[in-house]
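Participant: Next up is a structure, given as structure tokens.
Derivation of every value follows stated rules applied to the coordinates shown; laboratory data play no part. In this text the structure is predicted, and so the values were computed from the model without any measurement. Here the Cβ positions follow ideal geometry from the backbone for every residue, glycine too, while neighbour counts run over all protein chains shown.
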Amino acid sequence: MARVNNWQLGREMSYWYPEARPQKQFAAVFDTNKCIACQTCTLACKTTWTSGKGQEYMLWNNVETKPYGSYPLAYDLKLLEMLNGQQWNGNKYEGQTIFESAPAGERVLGWRPEQQDYAYPNVGEDDCAGQVDHGQFLSLPHMNWFFYLARICNHCTYPACLASCPRGSIYKRPEDGIVLVDQGRCRGYQECVRGCPYKKVFFNPMTGTSEKCIACFPKIEQGIQPQCFVNCIGKIRLAGWISKPGQVRADNPIDYLVHIRKVALPLFPQFGLEPNVYYIPPIHAPVSFNKQLFGPGAGEAVKTYRNAMNDPDLAGLLCLFGSTEMVVSRFSRQGDSVTGFDERGSAVVRVPLREPVHVRPAVDTKNQLVRINCP
Amino acid sequence: MKYAVFILAIISAACSRPQKTVNEVVAVSAAKLPMDPADRAWDNAPAHIARMIPQDLVEPRLMTPSTQQVTIRSITNGAEIAFRLEWEDPDSNDLPGPAKMVDACAVQIPEKIEKDLPEPQMGQEGKRVQVTYWRADWQAAVNGRGDTIRDIYPNASIDHYPFESKPLEPGSGEQKEMAMLYAPARALGNIRGGPRTVPVEDLVATGPGTLTPGPPLGANGRGVHGKTGWSVVISRRLPEGLAPNQRSHAAFAIWQGAKQEAGARKMRTGWIPLVRRGS
């Protein structure tokens, strides 16, 4: 194995191949606080890419309710248990990644979901078991909170699916970092399904090959955000490019949120893949849970996010989420408005930090009537 | 009664042909290749019993040995060569799916007869090997299993496929073209699943991880699962230069789907001498 730099772990780690970062890396930020689990993203993806035979069970995009939801079933818990409790020391991960803890004869520490594990994509939906008049019927570790976690392929810098494939059928595009399964070369061994800790590679029993999220690369190549982004009702998503470590740009929306303000964090960084979908953690979930999912910076990230209303640049950037179909490569705030620019530097969207509020009096004195809210 | 059983046992032993075992794979001549694994013509070919070892040279390795041995017989008609592989496997696994692997076997032969053999594990650069690969799900397709999700999941409920909806006419060019959009592997000619005319494929390799479709060698096959395991016939064109009484080599691999074996996770043999008998 090679030694590579994983900035999310604050250290070097072992990986199957030498470090080879792409010229540009596709990345995204999801604001968990805005997601309402309407599953429009899920259907946007489903109708676009996975309506074929053998793809019926596949959800390249899914939204699960944390803490109990998961698709496939317990994908996260199983691996966390296999890792058997690992430790961070400040911002440095001192535990073992799934590459470093690979058993003898394996490329990564992994497991393969069975068919029934895919049977309940919405398991745990809205489960929070809060206070009721006659006392709680159940006593569970997480009682009075939940949040929605939207997930796609993380197009990782160090993909475990790619490392797991014994025949090099999975590749990371040098031009944009998107991770793809070569459908002409895959022989359906399902090693990638076993290796991906996020379980975002799916075996198609009709074609006999494994398939996965392609980050809507035909759209990305035209500077347009993927289907699950542009169809998001809650405007929780922003697609863009994350710079290489040491080349961070303050006017790059992803860099600003991830590297500068550190308000958006990777999902399960401890697995060691350097995933490139980043999450603004939920403000109502316990810090300990957030830290398990998003790493040691989760507490500070919530504080920064809570203060966004007093933080015009951050608030402005958050206003760009869902504001345009185009990929915003650069942003700039001028006073009370923020502008997003595409890769060529053309302004593609301008939005105010605060929408004007119009209060319509309940009593219309001019017309001598009282307005009501129902037709 | 005791004597009757004893006499019956003696008669039975006398009637069944003793299994001739040899320490190499001997391809005997016949006018016609028997493609049915149960064809009595196979009794004329001596059996070679090959001990199998786990693939433990490259990751992912097979860490728990499964198939202990494979019994190999071979027949040639002078233009093609057929092998019958028999191994114990009480479970027939011919349905693919998530975490569901299928039973399979393969015959590997050096592309050229040379003094220095290629690496037994998938060959090496400059020393290509030819692999003829059979799979149980492909056999099921050849035997008549359909190409719908209900053929794999009988209770599946299908709401809608966009490529099977009006105004597209079933079987029309437009309809087939649209269906391919939702089956990218098939569109690229990578026929891992679905309709097949033969349950085998011709492959070549120059080392682990390099397996790729090779020049057509007319491969064919037929596998039947019995009470104790599989009996599979694999045929292909006679290896180049394998004249009567000449030697080449062959290696064999077995995958048990029930044990999650696929790809590199397999039981294999080393090179075994392959001799063509007859004129």
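Participant: Using Cα-Cα distances under 8 Å and only pairs 6 or more residues apart, what relative contact order does chain A have, in percent?
Facilitator: That works out to 20 percent.
Participant: Hey, for a label at A:Arg344 modelled as a point 7 Å past Cα toward Cβ, could you say which residues of region A:213-228 have their backbone N under 14 Å away?
Facilitator: Answer for region A:213-228: A:222-224.
Participant: Out of residues 5 or more away from A:Ser101 or on other chains, whose amide H comes under 5 Å of its own, with H placed 1.01 Å from N in the peptide plane?
Facilitator: A:Leu109
Participant: Simple spin-label model, 7 Å along Cα-to-Cβ: A:Ser337 to B:Ala38 in nm?
Facilitator: Between A:Ser337 and B:Ala38, the label points sit 8.2 nm apart.
Participant: Quickly work out the B:Thr197-to-A:Trp7 label distance, labels modelled 7 Å from Cα along the C-beta direction, and quote it in nm with one decimal.
Facilitator: 5.5
Participant: Pop the C-beta distance of A:Ser139 and B:Ala156 into the FRET formula with R0 = 45 Å and round what comes out to the nearest 0.05.
Facilitator: Efficiency, from the Cβ-Cβ distance: 0.70.
Participant: Over all directions, how big on average is the projection of the convex hull of the alpha-carbon atoms in region B:148-193, in square nanometres?
Facilitator: One quarter of the hull surface, i.e. the mean projection, equals 3.7 nm².
Participant: Still on this structure, please answer the following. Provide the FRET efficiency to the nearest 0.05 for the A:Ile260-A:Ala104 pair, computing r from the beta carbons and using R0 = 45 Å.
Facilitator: 0.60
Participant: Using every alpha carbon pair in chain A, what percent of pairs falls into each 10 Å bin from 0 up to the bin containing the largest distance?
Facilitator: Cα pair-distance distribution for chain A, in percent: 5, 23, 32, 25, 10, 3, 2, 0, 0.
Participant: Over the protein assembly as shown, consider all pairs of different Cα atoms and compute the Kirkwood hydrodynamic radius from their mean reciprocal separation; express it in Å, one decimal.
Facilitator: Radius from the Kirkwood sum: 28.0 Å.
Participant: Name the residue from B:Met178, B:Tyr161, B:Thr148 whose Cα lies farthest towards the positive end of the charge dipole of region B:148-193, charges +1 on Cβ of Lys and Arg and -1 on Cβ of Asp and Glu.
Facilitator: Result: B:Thr148, furthest along the dipole toward the positive end.
Participant: Taking chain B as a Gaussian network, where each spring joins two C-alpha atoms under 10 Å apart, which residue of B:Ser172, B:Ser231, B:Ser248 fluctuates the most?
Facilitator: The residue that fluctuates most here is B:Ser172.
Participant: Round to the nearest 10 and give me the degree value, 0 to 90, for the angle of helix B:2-15's Cα axis relative to the longest principal axis of chain B.
Facilitator: The answer is roughly 80 degrees.
Participant: So which GluC sites (Glu not before Pro) in region B:99-186 are both in a DSSP loop and have at most 14 other Cβ atoms within 10 Å of their Cβ?
Facilitator: Qualifying residues, ordered by number: B:Glu114, B:Glu125.
Participant: Starting at 0 and stepping by 10 Å, how many percent of the alpha carbon pairs of chain B end up in each bin?
Facilitator: 6, 25, 32, 20, 11, 4, 1, 0
Participant: Most exposed first by the Cβ proxy, i.e. fewest other Cβ within 10 Å, how do A:Thr40, A:Thr50 rank?
Facilitator: A:Thr40, A:Thr50
Participant: Return B:Val58, A:Val263, A:Val181 ranked ascending by Cβ neighbour count within 10 Å, so the fewest neighbours appear first.
Facilitator: In order of increasing Cβ crowding within 10 Å: B:Val58, A:Val181, A:Val263.
Participant: How would A:Ser323, A:Ser329 line up from fewest to most surrounding beta-carbon atoms within 10 angstrom?
Facilitator: Ascending Cβ contact count within 10 Å gives the list A:Ser323, A:Ser329.
Participant: Using the Cα gyration tensor of region A:310-375, with a ≥ b ≥ c the square roots of its eigenvalues, what is the shape: rounded (a/c below 1.5), prolate (a/b larger than b/c) or oblate (neither)?
Facilitator: Judged from the Cα gyration tensor, region A:310-375 comes out prolate (a/c at least 1.5, a/b above b/c).
Participant: Which trypsin sites (Lys or Arg not before Pro) does region B:186-279 hold that lie in a coil by DSSP with at most 10 other beta carbons within 10 Å?
Facilitator: Here the sparse-neighbourhood loop sites are B:Lys227.
Participant: Distance between Cα centroids, region B:132-148 to region B:175-199: provide it in whole Å.
Facilitator: 14
Participant: Oh, and also: Can you give me the distance in nm between label points at B:Val22 and A:Lys235, each placed 7 Å from the Cα along the Cα-to-Cβ direction?
Facilitator: With each label point 7 Å from Cα toward Cβ, the separation is 7.9 nm.
Participant: Test of understanding: what is the full-extension gain from A:Glu114 to A:Asp127, defined as 0.36 nm times their sequence separation minus their Cα-Cα distance?
Facilitator: Extra length available between A:Glu114 and A:Asp127 comes to 2.3 nm.
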